[in-house]
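K.L.:
Before anything else, here's the structure in question.
The values are calculated or read from the model by the stated rules, or taken from the named source; none is laboratory data. Please read all numbers here as calculations on a predicted model, not as lab measurements. Because the Cβ atoms are built from the backbone with ideal geometry, glycine has one as well, and the counts that use them run over all protein chains shown. To get the accessible areas, we keep the full protein, side chains included, count just its heavy atoms, and leave off ligands, DNA and RNA. Shrake-Rupley method; radii C 1.70, N 1.55, O 1.52, S 1.80 Å.
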Amino acid sequence: MRPMSGDDVSRAVAGCLATLRTVVDRDWSGTRAGRLEWDCRRTAEHVASDLLAYAGQLAGRAQERYVPFGITLDAGTDNAGLLHVIDTTGVLLATTVATTPPEVRAFHPHPFGSADREGFAAMGIAEVLLHTHDIAEGLGIAYEPAEDLAESVLARLFPHVQPGTAPWPTLLWATGRGELPGRAPVTEWRWRNNLVLPTERLTLTGIRPAAARDLRLGGDGGLAWADGGPYEGTREAAGFLVKAYEAGVHRPEFGVFALVRREDGLAVGGIGFHGAPDEEGTVEIGYDLVEGARGRGYATEAVDALAAWALARPDVASVIATIEADNVPSQHVVTRAGFTRATLEEERTAREEHGMDGALLLYVRRA
């Protein structure tokens, strides 16, 4: 899988400039930008401001709030000058994305408080694509970005949105800018960066649909893996994630996470949920490690962190794990992570009502 990069930011900005330079002599201040309340001039200024802000967040490694600075255009700056500013701020974001290590995250409020370089690249591209559309619509000219850019934005920032037959119309619909047959109009929306959960030695990094698709197909998901990983269980879990995404039922916070070792940045395994909590607030987890990382407590550390995160939510009452009766090491993992063996009655109910394999044991950790 090719990660979303600074080159993608540059491509998005180049498409914006090529479109808007054809109408640089028009009245942008007196023309409303599509369905926005802003005029075209204000919308173009917003694009430049966001590109700069995202570059600043990432370059400055902001952790708690936005870096307190912004753009002020010189008096008398015309439309051509404004496009130059968009070009320049696009270069700043593209360069920052290209030079930032993959493990770095910086503050962005939605929805989990931070984003990595791919997240900031995707957000910058989304701003460019969507607001170029708004300006073009207001000025009555045609605009359609490269299909792969729209698809990449959807797969990284809209994991909760079922992909449509064409990425660009789907992105417009998902942001309240268009209609899709069979889907209700969108009146409120927000994109979603991936969730990460730090532990003492690991970072549990939420796997986006784009990376999950690559893992399912035999790729590395954009990660550097230890000992020839990933293990087959992670690939299988990634496949289930993709199916949920394509069906429009994926809940990214209850998805799959790569276990990235902090000391060297290598992924040593995967962990995740089998789905969202059921009506009783029960959610199931599964995990695996590459062979060379076993026996070092990584699995216990990850299981404990993920279970604690889930049980802190109001919609989760218990976390369960089903383990083969002869898999004693895995039983020790969950026991050390605060799970206890379910009662025989609970196991019987799980087999009857949920089809749990009779050869599996049920372990539970409750809130």
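K.L.:
Which residue out of Arg105, Arg117 is closer than 30 Å to Glu263 by Cα, touching a Pro at 6+ places or on another chain (Cβ under 7 Å) and at pLDDT 95 or above?
P.N.:
Arg117
K.L.:
Same structure, new question: Among the residues of region 225-232, are any part of a helix (DSSP H, G or I) and under 26 Å from Gly164 (Cβ atoms)?
P.N.:
No - not one qualifying residue is present in region 225-232.
K.L.:
Regarding Val67, is this residue open to solvent by less than 80 Å² (accessible area, probe 1.4 Å), in a helix (DSSP H, G or I) and either farther than 26 Å from Gly265 by Cβ or touching a Gly at 6+ places or on another chain (Cβ under 9 Å) (or both)?
P.N.:
So Val67 does not fit the description; no.
K.L.:
So which residues in region 237-274 are touching a strand residue (DSSP E or B) at 6+ places or on another chain (Cβ under 7 Å) and more than 24 Å from Gly218 (Cβ to Cβ)?
P.N.:
Selection gives Phe254, Arg262.
K.L.:
Cβ contacts < 9 Å: first residue in a helix (DSSP H, G or I), restricted to region 35-52; second residue open to solvent by less than 10 Å² (accessible area, probe 1.4 Å) and among the charged types (D, E, K, R), any location; separation 6+ or different chain. Result?
P.N.:
Matching pairs, first to second residue: Cys40/Asp134; Thr43/Asp134.
K.L.:
Looking at region 76-118, which of the residues that are under 17 Å from Leu204 (Cα atoms) and among the charged types (D, E, K, R) is most open to solvent (accessible area, probe 1.4 Å)?
P.N.:
Applying the filter and picking the extreme gives Glu103.
K.L.:
How do the pairs read when you match residues in region 1-19 that are within 18 Å of Thr96 (Cα to Cα) and open to solvent by 40 Å² or more (accessible area, probe 1.4 Å) with residues anywhere that are modelled with pLDDT under 95 and in a loop (DSSP other than H, G, I, E, B), using Cβ under 9 Å and keeping only pairs 6 or more apart or on different chains?
P.N.:
Listed by first residue and then by second, the contacts come to Arg2/Gly222; Pro3/Pro102; Pro3/Gly222.
K.L.:
Continuing with this model, one more query. For the structure I just gave you, tell me whether Ala210 is in contact (Cβ under 8 Å) with a residue 24 or more places away in the chain, outside any loop (DSSP other than H, G, I, E, B) and buried (at least 22 other Cβ atoms within 10 Å of the Cβ).
P.N.:
Considered against the rule, which asks whether it is in contact (Cβ under 8 Å) with a residue 24 or more places away in the chain, outside any loop (DSSP other than H, G, I, E, B) and buried (at least 22 other Cβ atoms within 10 Å of the Cβ), Ala210 comes out as yes.
K.L.:
Go through region 291-303 and count every residue that is closer than 20 Å to Phe240 by Cβ and either small (Gly, Ala, Ser) or surrounded by fewer than 22 Cβ atoms within 10 Å (Cβ to Cβ) (or both).
P.N.:
Matching residues across region 291-303 total 2.
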